[in-house]
Each structure stands twice: as C-alpha cells, then as structure tokens.
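The values are calculated or read from the model by the stated rules, or taken from the named source; none is laboratory data. Source: prediction; values computed, not measured. Heads up, the Cβs are rebuilt from the backbone with ideal geometry, glycines too, and the neighbour counts pull from every protein chain shown.
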Amino acid sequence: MAQPEVIDRVIAVVGKYPILLSDLQSSMLQRENQGMAPDKCRAFEMLLYQKLLVAQADRDSITVSDAEVDQELSRRMAFFIQQFGSEEKLEAFYGKRTNVIKDELRSDVQEQMLAERMAGRISGDTKVSPAEIREYYNSMPEDSLPLVESEVELQQLVRKPMWSKEAKQEAKELLESYRQRVLKGQTSMSTLARLYSEDPGSAREGGIYRNVSRGTMEPAFDATAFRLKNGEISEVFETSFGYHFIELVQRKGEVVDLRHILIIPKMTASDFFNCKRELDSLYTEINDGKLSFEEAVKKYSDDKDTKQNAGLMINPKTASTKFDNEILSQLDQNLIVTLAGMEIGQISKPMEFTDMDGKRAYRIIKLKNRIDPHRTNLKDDYQKLAGMATAEKNRKLVKDWIKKRSAGMYIKLDTGFECNFENEWRIAN
C-alpha cells in the first residue's frame, strides 16, 4: 500500500512556536523575489529569529491589540487591491473572498507585529556617535570600502490636478442622496457601501472599519467619527480622498467601529490639461528669471513633504538626500533619462509621474548636485557610513541577544535541518 504524501510538517520548534516546511519554502521564495540568493540556512535562521522574538515577547508580556492588527490587515488589503487593480481581481487570483484572505492572514500578521515590537526593544534606539562612525570607518581596509556609484540630489516642484467645482458638487449631491436613503430607512448603510462605495479596502465588507484608534485616519475623518454617538449618521464631509459620510457602529473609549461610504469626484482630461498648463507657465517664469525655483516651490508646490524644504527630495530607502540609479529607476524610470542630459542647477521640463498615493501628477525636477563614482569616505558619505555603523552595531546587539535568549529557550531542529548559522544558537539535542 502506497504511503500518503506528506504535504507539510514541523521542521523546528522555538518555545511553543513551530516552524513548518512550508514556512521555509515561502521564506526562500520571498528572498528570491527580493533578488537575494535562495540560501536555505539563512532563510531558516531568519525564521528561527522571528520565532525567538515572538516566544520572548510572550514571556515579557508584550502584546499587540486586536485594533492594531485590524489596522495593519486593512492597510495590507488596500495595498494588495491596488496592486491587482481591483478587489474582484484579487479574489479571482486567490479564489477567495477578501474577508477570508484577511482571516487567514491574521495570525501571521499578529506574529510579525509581535516580532517587530520585540526587535524594537533590542535595537530600536541604537545610536552611534561621531567617534564611533570614525572608528568604524578607520577599521575598514581601504580596498574594502564600498564603491559608491554616481548619485544625484534633486529638488521637485509638484502640481496635482484638482477636482473641478462641478465634479465636487456632483459627488456631494450623489453621496447626500445615499445618505438620505439611509436616514429614511429605505436601505441599509452596508448595502449602499457594497453597491456604491469607492473605497476598495471596505466596500465589499459593507463599508466597515473595526477598531479604528483616534489619530489613525485623516484629521477630518477622525474628527467626524469621534463626534458621533452610537448609531448616528454624519453629514457629508471632504478629505483628500473624496467625500464621505459615516455611521458610527460602536465606540469603545478611543477606538471605534464604523461604516462609511466614499465617493471620489471624477477627474476629466481637462483637469489634467489645466494642471500641466499651469506647470508649463511656471517653467517659463523660472527659465526667464522672473521667479526662482525655490520661490516657486514654496508658493505653488502641492507636495507637503518637500514644499517647506525648497523641494529637496528624500531617498525613501536610505533617508538621505542622495539617489543612485537603482533607486531612481524604482521611483520613476523617466528620471534617469531626463537627468542624463542635465547640468547641475538646471531644471527639467514638466513631466508626468505617479505620486506615493498612486495618483497621476506633474512635476519639474531641479538637479541640485551630482556626485561622481568614488570609494566611500567621511566627507561625501557621512550619512551612509553612519547607517553602516549603526547596522553593524545592531548586528552585534542581535548576535548577543540570540546567544543569551536561545540558551534559556527550548529550541529543537528536525533531523536534516542542521545548518552553519551566522549566529550562536543553543539548540536542544
């Protein structure tokens, strides 16, 4: 008689937390998708570290609330829906409803959040002094110093298309008609949300958001939600996303359950044309010397993150002001082509791009500085070296923590999964 095929099995245990073979396979696939070598032992060690963090968090009574998990799940689902293009495409790909996907993700997300919280206690406040940065730099042989590719520093002037008065009025009137239907008892809020709400994160679930903490939504949304009484319906109000109205389901102190319906005013080709034309005019004024780039940014830019800093862009990966070609290509492939022919201090013609919210906008780029390829040095790369020194200090903290905590934790590996790990683990025989 044929033996049944083993689909999955436990390959390690850390405290009371098992690691499955499927966990390791998923971790290796994730590493491969991120461009890293599919190193089984490194992937396995990262899983052991995460489980050790969770097991220690359990011992130290570190928790994450259901509200925090719900918020993270909602954020992830909204991201997935945006990546797939619609909730229907997401559900078709997985063959499941979004609420089922969320339920299946819940335990993993909770565990990841616990691990992150515990890791923050180990190295979250790590700081390095200037003396430590110099010591780290001087300890590296010259031929081991990383080569830095060509980098640029950029400023931007952003203009975003605005909804027309007519589009805003149409959206408000439509939403008010839905609100009146709810107030008159003609239909339920959940039914209307499923039919008409344009919020991909909640529409299919009847517009529901559970365990929303004060301060997590936009100020206008937050203020409206926390003014309501249980069962009360708000007026129609505006946020940067569009127009909403809310039904407060339940308030529990500084946390609420609510339903809402979102209607987004419709952009027309004319709205985008007018936005581009405004930026063309600013480009001409700057080139003619009637207005400096920095003055134009302060007066006209729609990007709140760079408006008060002369448009200076921050690298989201390194938190520095310097960008290499790899990061530029991830942000906007057109930037590399545009910058190739520019001199320091020159501005680009207005160009379309997609902002961090996934919306179409336009911007003018100024090349503030260009740094030629070179070996890392204290003068040009202080922030980079500070990051490297901090990372090295964190590695040592984690290494010491693993050695200490694994000694007092039951850790067992299945036969065939022994590895030469980077850290010193105390494994049960």
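Quick notes
- Residue tally, condition out of contact with any helix residue (DSSP H, G or I) (no Cβ under 7 Å at 6 or more places or on another chain), farther than 24 Å from residue 305 by Cα and either of a type in the set (D, E, K, R) or assigned to a loop (DSSP other than H, G, I, E, B) (or both), over the range 338-389: 9
- Positions within the range 11-44 being among the aliphatic types (A, V, I, L, M) and assigned to a strand (DSSP E or B), in sequence order: 11, 12, 13, 14, 19, 20
- If only residues of the range 18-40 that are within 21 Å of residue 116 (Cα to Cα) and of a type in the set (Gly, Ala, Ser) are counted, the one that is surrounded by the fewest Cβ atoms within 10 Å (Cβ to Cβ) is 26.
- Scanning the range 136-158 for residues that are of a type outside the set (Ser, Thr, Tyr) and in a loop (DSSP other than H, G, I, E, B) yields 140, 141, 145, 146, 149.
- Taken as a whole, the condition of being out of contact with any helix residue (DSSP H, G or I) (no Cβ under 7 Å at 6 or more places or on another chain) and without any contact (Cβ under 8 Å) to a residue 60 or more places away in the chain applies to residue 21.
- Subset of the range 404-429 [in a loop (DSSP other than H, G, I, E, B) and β-branched (Val, Ile, Thr)]: 415, 427
- Residue in the range 41-63 that is at positive phi, modelled with pLDDT of 85 or more, surrounded by 15 or more Cβ atoms within 10 Å (Cβ to Cβ) and in contact with a Phe, Trp or Tyr (Cβ under 7 Å, 6 or more places away or on another chain) present: no
- Any hit, the range 219-232, residues being under 29 Å from residue 88 (Cα atoms), in the same structural domain as residue 180 (by TED's automatic domain parsing) and of a type in the set (S, T, N, Q): no
- The range 221-242 - residue that is within 22 Å of the chain's Cα centre (by Cα) and in a helix (DSSP H, G or I) and, of those, farthest from residue 265 (Cα to Cα): 222
- Answer residue from the range 112-135, given it is more than 21 Å from the chain's Cα centre (by Cα), assigned to a helix (DSSP H, G or I) and among the hydrophobic types (A, V, I, L, M, F, W, C) and is nearest to residue 61 (Cα to Cα) among those: 122
- Only one of the numbered conditions (1) exposed (fewer than 15 other Cβ atoms within 10 Å of the Cβ); (2) part of a helix (DSSP H, G or I) is violated by residue 204, and that is (1).
- Residue 114 assigned by TED's automatic domain parsing to the domain that holds residue 21, over 30 Å from residue 323 (Cβ atoms) and in contact (Cβ under 8 Å) with a residue 60 or more places away in the chain: yes
- Scoring residue 258 on the criteria (1) over 30 Å from residue 211 (Cβ atoms); (2) in contact (Cβ under 8 Å) with a residue 12 or more places away in the chain leaves a single failure, condition (1).
- Residue in the range 386-408 that is touching a residue at least 60 places away in the same chain (Cβ under 8 Å), more than 31 Å from the chain's Cα centre (by Cα) and crowded, with 17+ Cβ neighbours inside 10 Å present: yes
- Only one entry of 148, 152, 158, 100 meets the criterion of being in contact with a strand residue (DSSP E or B) (Cβ under 6 Å, 6 or more places away or on another chain), at pLDDT below 90 and either over 29 Å from residue 326 (Cα atoms) or crowded, with 18+ Cβ neighbours inside 10 Å (or both), and that entry is 148.
- When each of 268, 284 is tested for being at pLDDT 95 or above, surrounded by fewer than 16 Cβ atoms within 10 Å (Cβ to Cβ) and more than 30 Å from residue 71 (Cβ to Cβ), the lone residue that passes is 284.
- For the range 287-324, the set of residues classified as surrounded by 15 or more Cβ atoms within 10 Å (Cβ to Cβ), in a loop (DSSP other than H, G, I, E, B) and of a type in the set (Ser, Thr, Tyr) consists of 301, 306, 320, 321, listed by residue number.
- Test: residue in the range 127-139 that is surrounded by 15 or more Cβ atoms within 10 Å (Cβ to Cβ) and either of a type in the set (Phe, Trp, Tyr) or within 30 Å of residue 240 (Cβ to Cβ) (or both): yes
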